[in-house]
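Please read through the structure below; I'll follow up with questions.
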Amino acid sequence: MTDFTQAVIIGGSIAGLLTARVLADFFDTVIVVERDRVPDRPENRRGVPQSPQPHVLFTKGYRILEELFPGIGDDLTVAGAVAIDWAREFHYFNEGV
């Protein structure tokens, strides 16, 4: 059996970056290949058509991120992320209602 020491991830989306983080526990080197320049601050990216839409992180996802990146909640808050109470603060508009 061959021992693999390097993993290559195609795409630097959230899914790609999380995959890279998990694989980093098993490979010596993890390379992420991304066609767009990764911005230094939040901004829309040409190759990510959904980037201007609001995004949310549910509780289970947040807990997983905290396991993978301890302290990320504090980092997100400092960067401007807003925590909301979904039961009280989330409203949506659907078919005129």
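The values are calculated or read from the model by the stated rules, or taken from the named source; none is laboratory data. Note that this is a predicted model, so its numbers are computed, not measured. Here Cβ is always computed from backbone atoms with ideal geometry, including for glycine, and neighbour counts include all displayed protein chains.
Among the residues of region 29-46 satisfying the criterion of being surrounded by 11 or more Cβ atoms within 10 Å (Cβ to Cβ) and within 15 Å of the chain's Cα centre (by Cα), which is farthest from residue 11 (Cα to Cα)?
Per the stated criteria, the residue is 44.
I'd like to check something: does region 22-38 contain any residue that is of a type in the set (Asp, Glu) and outside any loop (DSSP other than H, G, I, E, B)?
Looking through region 22-38, none of the residues is of a type in the set (Asp, Glu) and outside any loop (DSSP other than H, G, I, E, B).
A follow-up question, please. Within region 42-51, is there a residue that is modelled with pLDDT under 85 and of a type in the set (Ser, Thr, Tyr)?
Taking every residue of region 42-51 in turn, at least one turns out to be modelled with pLDDT under 85 and of a type in the set (Ser, Thr, Tyr).
I would also like to ask the following. Out of region 2-12, which residues are of a type in the set (Ser, Thr, Tyr) and surrounded by 14 or more Cβ atoms within 10 Å (Cβ to Cβ)?
none
Can you tell me which residues in region 47-62 are part of a helix (DSSP H, G or I) and surrounded by 11 or more Cβ atoms within 10 Å (Cβ to Cβ)?
61, 62 - these are the residues of region 47-62 that are part of a helix (DSSP H, G or I) and surrounded by 11 or more Cβ atoms within 10 Å (Cβ to Cβ).
Same structure again: I'd like the full set of residues that are outside any helix (DSSP H, G or I) and in contact (Cβ under 8 Å) with a residue 24 or more places away in the chain, limited to region 1-21.
The answer is 5, 6, 7, 8, 9, 12, 13.
Would you mind finding the one in 83, 15 that is more than 14 Å from the chain's Cα centre (by Cα) and surrounded by 10 or more Cβ atoms within 10 Å (Cβ to Cβ)?
83
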